[in-house]
Each structure stands twice: as structure tokens, then as C-alpha cells.
Amino acid sequence: MTLSDFDSYRPANEGRRKKKRNRPAGNGRRRGGGGDGAREMSMVDDVEFSDSYYGRPIVKPPPWDDKISAYLFLGGVAGGSAMLAVGAQAAGLEALRRNSRLTALGATIGGTGFLILDLGRPERFLHMMRTFKPSSPMNMGTWILGGFGTAAGVVAAIEVDRLTGENLPLGPLRALLHWIEKPTGALAALFGAPLASYTGALLADTAVPTWNAAKDNLSYLFVSSAAMASSGVAMMTTPASQTRPARALATLGAAADLYFAEKLTEPMHPAEAEPLQTGRAGKKLRWAKGLTIAGGIGAALLGGNRVAAIVSGAALATASLLTRSGVLEAGIESTKDPRHVVEPQKARLEARRAQGIVDDSITTVG
């Protein structure tokens, strides 16, 4: 007898039981009772559909943990900081520009490190860049991260050179770097927007029930979260006299985050929304909402005070981390119970049939 890993999925062997045949009365011919006698009666009892094969999960959970939560958070900080740096440069706020550029590079290095740790081997990241596939959010995300990191590294090197009194051994390269500073900063900001949002599209493009059901609003939520996280970090690292653009972005980002967090579950079936509202994920998202409200109010009304700015910025950054971690955890949790997959599918099937759609492959199967 051949054994494999799949044998553990089989129920215990209860032995063979002889079935009792249900023969109709009369001349032994199997005919349905009470009808016109033209159809044979059923020889088996009606069966009740169970949610999955042997109660096993229908969708395989992604093998992701807190390293991916950190990557999602740092990617948002990096992208938002690059966009904030362009505004600071236009407004002539040197400290905000410098700190935002350095934050963008630091967050990119940290996020890439967590991503490589999750992949297990650094070459797997490089293998993603052998192809260019616009239909794949993961492939496009790799190219976005690579392009953003290059541009962010150039402008951050310029800021480090300025901090050292232009004592870095750059030679003739220094003039070239200063000549391309503005277009490279704009390029980093251009890559920053998709860097902050593509992870939402990446999660929604999977078969994970809760993530897929949130596809209409998840990227918008991640962009809002990135705006308040990057501005929160800027409020913590920059003197209050130079953080006016960061405080404005923090207030706007907090308001948008609260709006899209509410919109996230509106189009969902209750079974799809449940993981976002219960358990550890639900607790994280409730904490994120409270910190977003507190941080947004602090940024709008008290941001001119250095201590209040630091506290408000920390609240916003923590809220962003909890939001992304909560969404990630809720999606993984939604794969563990088959009803999160089956109940929404049944509801959509009944809705189509109620609309009179009964002649396609979706409504005619089963």
C-alpha cells in the first residue's frame, strides 16, 4: 500500500458497511411514487453540502508574518517621505527636505531587508527583475522598489555630502549629483506614490477572501496610511517651525485613512468582513483608528508645539503600522475557515439567479 503526505487528510477507516437497498413496493420496478410513474426514484438520500473537503481550508494561507508587516509599513513611509521632500524643497524648508530624504532612503533599506529576510535568499529578489510583467503586481512592485531606491539613494547622498561640509570624496561626481538633484528628487516622488499603494493591489490580487473583497478600497487605504506615517515621522524628526507641510499632510492623511477604513468593509459579505472586526486583527484596527483620530487632531491643532508634534507623529506612525499589520493578519485568518470562502460565493450566486442570470457557467454548475 502506497502512503503519502495526503493520507493524513483521509478520515479514519470505519470499515465497509453494507448498504440497504431501498426497493419500491410492487413489481420491483423502480418508479417514483405519487408522480406519473415515468421517472425512476432516487436510490440515495439527499446529501448536504459541506464547506470544504474533509473540513480543510479551501484557500492556502500566505506564508507571511511580521516581516511582511514591517515591509508594508516601511514602504509606505519611504514613498510618502519622498513626496513630502519635493514639497519641502519647493517651499525652501531645508531641514524638512533633508530629513524626509534621509527617512525615505532609510525606510527603503529597512523594508528591502525585511523583504529579503522573508524571501529567504537575496537572489530571489534579483530574479524578479529578469522580467517586466505589468499584469503582475509583485513584479511591478519589484521594479518600483528598485527605481525608487536608486533615486532616493542619489538625493540622500547629496544630503549626506552637505551634512559633512562636502567632504565626501566625490570629486567631479559632486557637480553631476547637484545638477541632477531636482529631477532625481522628482523621480523619487514619482515612484513614491505607487510604492505606497502597490502593496494594496498586490494583496487584493490574491484569492485570499478578505483581501480580494477589499480590492476597491485597499490601495486607497494604504496611500492614506502612508501619508500620515511619513508626515508623522517628519513631525518627530524636524523642528516644528519647518513642519507645516508635514502637519497639513498628516491631517489630510488621517482623515482619508478614517474614511477608507470605513469604506473598506462596505462592499464585503459579512463573512469576508468578519476577520477585520474580530480577533487580534480587529483589535489592532480599533487601536489604529483611535491613534489616527488622536494623531490627526494633534497634528491639526497642536503641531506647532514640539512635544505635541512628537507625540502626534508617533501616534500616526504607530496607527499606520497597526493598520497594515491588521489587514495582513485579517487576510491570513480569513483563509482558515472555509465559510469565509463559501458563504460569499453562495450569496453572489443567489444574487445572480435573482437577477435572472441562469444561463452561464457560474449559475448552471451544481
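Since every read-out is calculated from the coordinates, none of them should be taken as a lab result. These numbers were taken from a predicted model, which means no experiment stands behind them. Every residue, glycine as well, gets a Cβ built from its backbone with ideal geometry; the counts of neighbours run over all protein chains shown.
Each Cα pair under 8 Å and six or more residues apart adds its separation to the average, and for the range 66-336 the resulting relative contact order is 23 percent. The alpha carbons of the range 219-322 give a radius of gyration and a Dmax of 14.0, 48 Å, in that order.
Farthest towards the positive end of the charge dipole of the range 241-349, among the residues F260, A299, W287, is the Cα of A299, using unit charges on the Cβ of Lys, Arg, Asp and Glu. Of the trypsin sites (Lys or Arg not before Pro) found in the range 291-355, those in coil by DSSP whose Cβ has at most 15 other Cβ atoms within 10 Å are K336.
Cβ crowding within 10 Å ranks Y220, Y259, Y71 as Y259, Y220, Y71, fewest other Cβ atoms first.
For the range 66-336, taking Cα atoms only, Rg and Dmax work out to 18.6, 62 Å respectively. Rounded to the nearest 20, the Cβ-based charge dipole of the range 66-336 about its Cα centre (Lys and Arg +1, Asp and Glu -1) stands at 300 debye.
Sorted ascending by nearby beta carbons within 10 Å, beginning with the fewest, T237, T131 become T131, T237. By the count of other C-beta atoms within 10 Å, a proxy for reagent exposure, S241, S224 are ordered fewest to most as S241, S224. One way to sum up the overall shape of the range 81-184 is the equivalent ellipsoid from its Cα gyration tensor, whose semi-axes run 29, 15, 14 Å, largest first.
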